[in-house]
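A quick write-up on the structure given underneath.
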Amino acid sequence: MKDYWWNSNGPLNALHSFNPLRVSFIINGLTNMKKIKTKNIGTRQSLENIKILDVGCGGGVLTEALARLDSHVTGIDPSKELITIANDHAKFLRNKNIKYLNESIEEHVTSNTESYDAIVTSEVLEHVSNKYGFLTNCVDCLKPGGSLFITTPNRTIFSWLSVKVIGETFDFIPKGTHEWEKFICPHELQSILEINCKCDTISINGLSYNPFTNRWSWTDSTDVSYAIHAVKNT
Amino acid sequence: MLLNSSTKRLYLSLCNVANYSSSKKYYDIIITGGGMVGCAMACKLAKEPALRGMSILLLEGGPNRNQYDFNAKKNTFDNSYSNRVSAVNKSTIQLLQSVGAWQIISDLGLCNVVKEMRIWNSGGGRSGGVNNMLTFNNDDDLAYIVENDIILGALYKQINEEKSITVNYNSRVNQCNLPDSHKDLATVKVANGETSFETSLLIGSDGYGSKVRSAINGQQYISWEYGQRAVVATLHIQSDEDDIYKGHVAWQKFAQLGPLAVLPLDNKTCSLVWTTSYEEANRLAELNDNEFIDALNDGLSEEKESNNSSLLLADDAARIVSKVLNKYCQLNNNDNQNRKIKSTPPVVIGVIKDSRASFPLGFGHACQYVGQRVALVGDAAHRIHPLAGQGVNLGFNDVIELSDQLNHSVLAGADIGDLNALLNYETAAQRHNIPIMLGVDAIQKIYGSSNNFVPPAITTLIRNVGLSFCQSASIIKKLLSDKASGLPV
Ligand SMILES: Cc1cc2nc3c(=O)[nH]c(=O)nc-3n(C[C@H](O)[C@H](O)[C@H](O)COP(=O)(O)OP(=O)(O)OC[C@H]3O[C@@H](n4cnc5c(N)ncnc54)[C@H](O)[C@@H]3O)c2cc1C
Ligand SMILES: C[S@@+](CC[C@H](N)C(=O)[O-])C[C@H]1O[C@@H](n2cnc3c(N)ncnc32)[C@H](O)[C@@H]1O
């Protein structure tokens, strides 16, 4: 399993190759919110001293990237196995601030309200049944003015085709990983964030993925997948 | 995520791997081979803002040649030129500028601009010869001729000023262990050394016999020898006072046994790269300097038209030429800068003592430029015929591509040895290099064969394909002035 998760040739390679786009989405978002020190823009220290919570961090593919950029990152995941894998792998990081906890966001929020500059939850929301509860807990962990970054597939015929049919048929995605019915559309997500969570939406960007070349790209259409950046009201 | 239960055993064994022994010294990046390309790689990475603070180790098999005394160089006169020079193109110069090396070279006037190229073939007659010399001039600096040692010296000067770079001389790498997955590091061992080194990214710039290349899993290396040698020397030529481009003309003759290039170092001095058969190279080596000069002048002037009319290769050659033509000339057929002139080849009047040497020539292509925590640059990845003067320019282009990719991926939080970034480098570099390598090889096959029935084959070919020599030379022109200048055509 460990090999399976972290092998960059394996089926989860899609998460690895997604890193450049989602990390720059986070950096750009934080730069726009003036959270990144000018001297650190365009350097390997761009996230210096920024406190980030990665919810549903899995094996830590994204978490480690954020740690390498000098953020103080905490990854939480309900899966014990994945947290062990993530911890084990983090030994390869030298002198970085990374911490993994095997707990749910419901547990985490009890002692961490308003304590993060940014919350990241990437490719997780589609697995969550109670989206409303999940999102309010995430936002509760966020400092006022803090940023929430989410990436998730859309619930359209395209995402159904690409995730269920192409993805699972060709083994790009392990079978049974996704229940398409749980996917959420950008406008549904936006209204939960704005109405229930007191956030402002800063941007919604479409994403596409070509499994044959293993490349992600930004697109104008959110039909397949999208990234959203919202900010908690002060 | 689906999980299964055999996980535990797996990562128990992996924990052992993680406890790597501390007797190995760790560097973020290790570069093996401190030739021109390896040195440029080290400088470029050290200057990349995104990589600031990363430790770089440069392992060079040879001794520390602390001989590049630039000021001394400036004050002595032409007899100190080395016999190894390169024609560097625009993008190479930009790279050398970006690491501060070009400024050192140009401030001291240690480079010479080529303002015009004059190309002709052997055989005279209607299709070529000195009466049909083709010239390309070059208003925006096609290329500069610089001695290899000067480039190396300027790069080492910059390297010595970078705190993040450690250079170990006399350190021939004789063992490389590349990991199967990125969870392990790459290790290298140096001959006669006790320590081994560990790194997140191993860059092989150890030349065409690369040790690093053969350590890459599943590597296929396609290579052949051309059965030719390049005879090099530093020459004195008669200066032609009427020539407006005096001292800035590069000559290239496609002689029967192979191309012969005379590259300008200053008004009176040139560097020779004379491709010829093994036998001829050996014969030339035995001659004394005066005999050598005579042989060279004979080679540069008119050759008797061969009356061998065997045309076996014509069809083959026709196919290759039309392929290359399609690649390079379709895009731009109406370029009129080239003109045919009646001109004379350079007259060699002297050869600098001890400057004569010769090198074997071959072709090589590594199908994989990268692997887990490893990348190849320069001659380690590709070796080409020097007829278009492209070898080191391709290598410098690799340096630009690789540092770009590493820069991007590190800024996005990736490990410096991230395989996805390395694969992107491989794609970009091969897309640039392979067409040039094939083009140069095709030209070599047509013009450079030791088979003496090739020149008549070209004549037939010219008729067959409906080309004049002038047009077929525009392939070379395309190669030399567009692709060769490294900028998009
Ligand atoms: C006659 C001739 C003329 C040429 N003319 C031109 C020209 O005009 N223009 C042009 O662009 N190109 C030209 N080339 C090609 C050019 O010289 C090469 O492409 C260029 O030198 C390659 O540079 P490199 O740094 O990749 O390799 P090299 O110059 O081969 O450097 C390799 C370095 O690695 C070191 N090394 C090797 N093995 C090990 C090891 N195991 N451990 C540690 N160190 C090691 C060596 O000591 C050396 O310093 C010419 C080539 C020839 C033969
Ligand atoms: C596709 S993985 C994404 C991993 C990681 N975010 C990344 O992008 O590399 C989905 C992760 O979501 C986690 N997850 C599923 N349901 C969750 C929930 N309700 N709360 C938090 N995490 C959950 C899973 O354990 C799994 O690690």
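The values are calculated or read from the model by the stated rules, or taken from the named source; none is laboratory data. All values reported here derive from a predicted model rather than from experimental measurement. FYI the Cβ positions are ideal-geometry reconstructions off the backbone, even for glycines, and counts take in every protein chain you see.
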Completion exercise
Subset of segment A:13-34, residues surrounded by fewer than 17 Cβ atoms within 10 Å (Cβ to Cβ) and in contact with a strand residue (DSSP E or B) (Cβ under 8 Å, 6 or more places away or on another chain), comes to A:32, A:33
Handout entry: All positions within segment B:382-396 that are more than 8 Å from ligand 1 (Cβ to nearest atom) and within 20 Å of residue B:221 (Cα to Cα)
Key = B:382, B:385
Practice task
Quickly run through segment A:84-120 and pick out the residues that are more than 26 Å from residue B:201 (Cβ to Cβ) and free of Cβ contacts under 8 Å to residues at least 24 places away in the same chain.
Solution key: A:84, A:107, A:110, A:111
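Each row is one residue, and each column tells you yes or no for (1) small (Gly, Ala, Ser); (2) part of a helix (DSSP H, G or I).
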site	(1), (2)
B:234	no, no
B:241	no, no
B:247	yes, no
B:253	no, no
B:266	no, no
B:271	yes, no
B:275	no, no
B:280	no, yes
Handout entry: Residues within segment A:181-231 that are assigned to a loop (DSSP other than H, G, I, E, B) and in contact (Cβ under 8 Å) with a residue 40 or more places away in the chain, tallied
Key = 9
Practice task
Would you confirm whether any residue within segment A:121-132 is within 14 Å of chain B (Cβ to nearest Cβ), on the phi < 0 side of the Ramachandran plot and either in a strand (DSSP E or B) or more than 16 Å from the chain's Cα centre (by Cα) (or both)?
Solution key: yes
Practice task
Could you tell me whether residue B:150 is in contact (Cβ under 8 Å) with a residue 60 or more places away in the chain and surrounded by 19 or more Cβ atoms within 10 Å (Cβ to Cβ)?
Solution key: yes
Problem - Of the criteria (1) away from ligand 1 (no atom under 16 Å from the Cβ); (2) touching a Gly at 6+ places or on another chain (Cβ under 6 Å); (3) of a type in the set (Val, Ile, Thr); (4) modelled with pLDDT of 80 or more, which one residue B:276 fails - result: (1)
Problem - Search result, residues across segment B:30-45 that are under 14 Å from residue B:166 (Cα atoms), more than 10 Å from ligand 1 (Cβ to nearest atom) and away from chain A (no Cβ under 14 Å) - result: B:30, B:42, B:43
Handout entry: Residues being farther than 19 Å from residue B:418 by Cβ, more than 11 Å from ligand 1 (Cβ to nearest atom) and touching a residue at least 40 places away in the same chain (Cβ under 8 Å) - total across segment B:177-221
Key = 7
Exercise for the section: Could you please find all residues in segment A:56-70 being closer than 17 Å to residue B:51 by Cβ and within 15 Å of ligand 2 (Cβ to nearest atom)? Expected result: A:65, A:68
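Here is a yes/no grid of residues against (1) within 9 Å of ligand 2 (Cβ to nearest atom); (2) modelled with pLDDT under 95; (3) surrounded by 21 or more Cβ atoms within 10 Å (Cβ to Cβ); (4) not charged (D, E, K, R):
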{"site": "A:41", "(1), (2), (3), (4)": "no, yes, no, yes"}
{"site": "A:54", "(1), (2), (3), (4)": "yes, no, yes, no"}
{"site": "A:72", "(1), (2), (3), (4)": "no, no, no, yes"}
{"site": "A:125", "(1), (2), (3), (4)": "yes, no, yes, yes"}
Problem - strands (runs of 3 or more DSSP E) enclosed by segment B:341-437 - at least 1 residues per element that are modelled with pLDDT under 95, within 16 Å of ligand 2 (Cβ to nearest atom) and over 23 Å from residue B:259 (Cα atoms) - result: none
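Conditions tested, residue by residue: (1) crowded, with 23+ Cβ neighbours inside 10 Å; (2) modelled with pLDDT of 95 or more; (3) under 30 Å from residue B:194 (Cβ atoms); (4) not acidic (Asp, Glu).
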residue: B:42; (1), (2), (3), (4): yes, yes, yes, yes
residue: B:48; (1), (2), (3), (4): no, no, no, no
residue: B:63; (1), (2), (3), (4): no, no, yes, yes
residue: B:75; (1), (2), (3), (4): no, no, no, yes
residue: B:82; (1), (2), (3), (4): no, no, no, yes
residue: B:89; (1), (2), (3), (4): yes, no, no, yes
residue: B:109; (1), (2), (3), (4): no, no, no, yes
residue: B:121; (1), (2), (3), (4): yes, no, no, yes
Handout entry: Residue satisfying all of: in segment A:79-103; within 10 Å of chain B (Cβ to nearest Cβ) and within 12 Å of residue A:56 (Cβ to Cβ); surrounded by the most Cβ atoms within 10 Å (Cβ to Cβ) among these
Key = A:82
